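The next block holds one structure in the form of structure tokens; read it before the comments.
Read-outs throughout are calculated quantities, based only on the coordinates presented, and are distinct from any laboratory measurement. Source: prediction; values computed, not measured. Cβ placement follows ideal geometry from the backbone for every residue including glycine, while neighbour counts extend to all protein chains displayed.
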Amino acid sequence: MRIINKLNESEKLPRNFGIDQLISPSDIHLLQAIGDNPESNGRNISEILGITPGAASQQLTKLSKRGLITKVRGQKNEKEISLKLTPLGKTAYDNHAIIHEKVYQKIINRIGLLSPDELCMLERVLIAVESVYDERIEEVRESLSLCGRKSSKCQPRELNT
């Protein structure tokens, strides 16, 4: 639980990635997804990040207005839009990669080398945690849609049984 709380707290803090503006973790991870997947579109990015297309669209519009990405219309299909990092966005993307590498190195240095069996076990644990959270998010979304988002009288289904 402490790790989740720390990750949640960390996700609230904007950071400096070597440009003249602070960038939130959700925005830099959107830039990372675009930089890692050239010629992608909003739908691809939403799938990569596990967010709704609507949420991705809103974030992409903000990043475009901030000069971090450009939206380029397709040559064959005018409706198709590709996303590209601007030079400013590329600078932030590159600096983010450097920061991630430093964080990964710190973790590796503290854990030490893992055997193939240990790596396999760690992967199983992380996959299990992710799948439980995927299910939980879906349950909460379903519960909210059934009772209306603003109803304070609505109780989660697991409390009604």
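Some values worked out for this structure:
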read-out: Label-zone membership for segment 5-31, site residue 129, 7 angstrom Cα→C-beta point, backbone N under 18 Å; value: 5-12
read-out: Using θ = phi - 60° and Karplus 6.51 cos²θ - 1.76 cosθ + 1.60, couplings along segment 120-132 (whole Hz; Gly, Pro as x); value: 4, 5, 4, 4, 4, 4, 5, 5, 5, 4, 4, 5, 5
read-out: Under DSSP loop assignment and at most 14 Cβ neighbours within 10 Å, longest trypsin sites (Lys or Arg not before Pro)-free interval of the chain; value: 80-148
read-out: Calculated FRET value between residue 47 and residue 111, using beta carbons and R₀ = 41 Å, to 0.05; value: 0.85
read-out: Coarse-grained scattering of segment 32-104 at q = 0.17 Å⁻¹, given as base-10 log I(q)/I(0) from a Debye sum over alpha-carbon atoms; value: -0.65
read-out: Approximate spin-label separation residue 71-residue 138, in nm, with each point projected 7 Å along Cα-to-Cβ; value: 3.0 nm
read-out: Under the Debye formula (equal points on every Cα, no solvent term), log10 I(q)/I(0) of segment 4-61 at q = 0.13 Å⁻¹; value: -0.36
read-out: Dipole magnitude of the chain about its Cα centre (Cβ charges: Lys, Arg +1; Asp, Glu -1), debye to nearest 20; value: 780 debye
read-out: Projected-area average for the chain over all orientations - Cα convex hull basis, square nanometres; value: 13.7 nm²
